[in-house]
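Visitor: Handing you a structure now.
The values are calculated or read from the model by the stated rules, or taken from the named source; none is laboratory data. For clarity, every value in this text was computed on a predicted model and none was experimentally measured. Methodologically, a virtual Cβ is constructed for each residue, glycine included, from the backbone with ideal geometry; neighbour enumeration extends over all protein chains shown. Protein only, heavy atoms only, side chains kept; ligands, DNA and RNA dropped before computing areas. Shrake-Rupley method; radii C 1.70, N 1.55, O 1.52, S 1.80 Å.
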2 protein chains.
Amino acid sequence: MEIAEFQQLMSDLYAHNDRKRGPAATMLWLVEEVGELAEAVRRDDRENLREELADCFAWVGALANLYGIDLEEAFLEKYPDKCPTCGQKPCICTD
Amino acid sequence: MEIAEFQQLMSDLYAHNDRKRGPAATMLWLVEEVGELAEAVRRDDRENLREELADCFAWVGALANLYGIDLEEAFLEKYPDKCPTCGQKPCICTD
């Protein structure tokens, strides 16, 4: 699946709700899902990790849609086949 | 770009760092980027929104890689062309 197809599916499913809710409340939804993901990481709950990663991925897509941002373009601008900090592939940063 | 290609690029760039850092510290990186995204939403800073959405997208990919989770598969399991809560497309939930 292309990243653009993923964003289109999210738009088909949720764009009307996202527009009604607006950016701040949509950001809160993402934060809620990130909290659930953090719990799954803490518990090392592999089944939930899968679902919560899917939810965080989905809400990043929803927020990008709300702002009309193409995630593939934005990602490749920031990470153009090299680390944006050290300029290397693989990255040689020490975190 | 396919979602799988995005995950492969993240792996080529960062898998060695992600493994060394581990899940908890990688989750913290994601949380840090989510905080920066929240600031961009609050300020309605369109240029930063683009970059912070790219970073959140990237760190969700890094965390999925660390657990060997295919984001496309996990996403389509949870969102199989309909809303997982109401079962409709478009979604008819009221949030």
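Visitor: What about B:G68, is it more than 7 Å from chain A (Cβ to nearest Cβ) and open to solvent by less than 50 Å² (accessible area, probe 1.4 Å)?
Guide: Criteria not met by B:G68.
Visitor: Related question: If you check A:E39 against the conditions, is it over 15 Å from the mean Cα position of the chain (by Cα) and either facing chain B (nearest Cβ under 8 Å) or modelled with pLDDT under 95 (or both)?
Guide: Against the criterion (over 15 Å from the mean Cα position of the chain (by Cα) and either facing chain B (nearest Cβ under 8 Å) or modelled with pLDDT under 95 (or both)), A:E39 does not qualify.
Visitor: Take the residues in the range B:82-95 that are farther than 14 Å from A:A15 by Cα and not small (G, A, S); name whichever of them is surrounded by the fewest Cβ atoms within 10 Å (Cβ to Cβ).
Guide: B:T85
Visitor: Of all residues being outside any helix (DSSP H, G or I) and open to solvent by 30 Å² or more (accessible area, probe 1.4 Å) in the range A:13-57, which is farthest from B:T94 (Cα to Cα)? Just the residue, please.
Guide: A:D44
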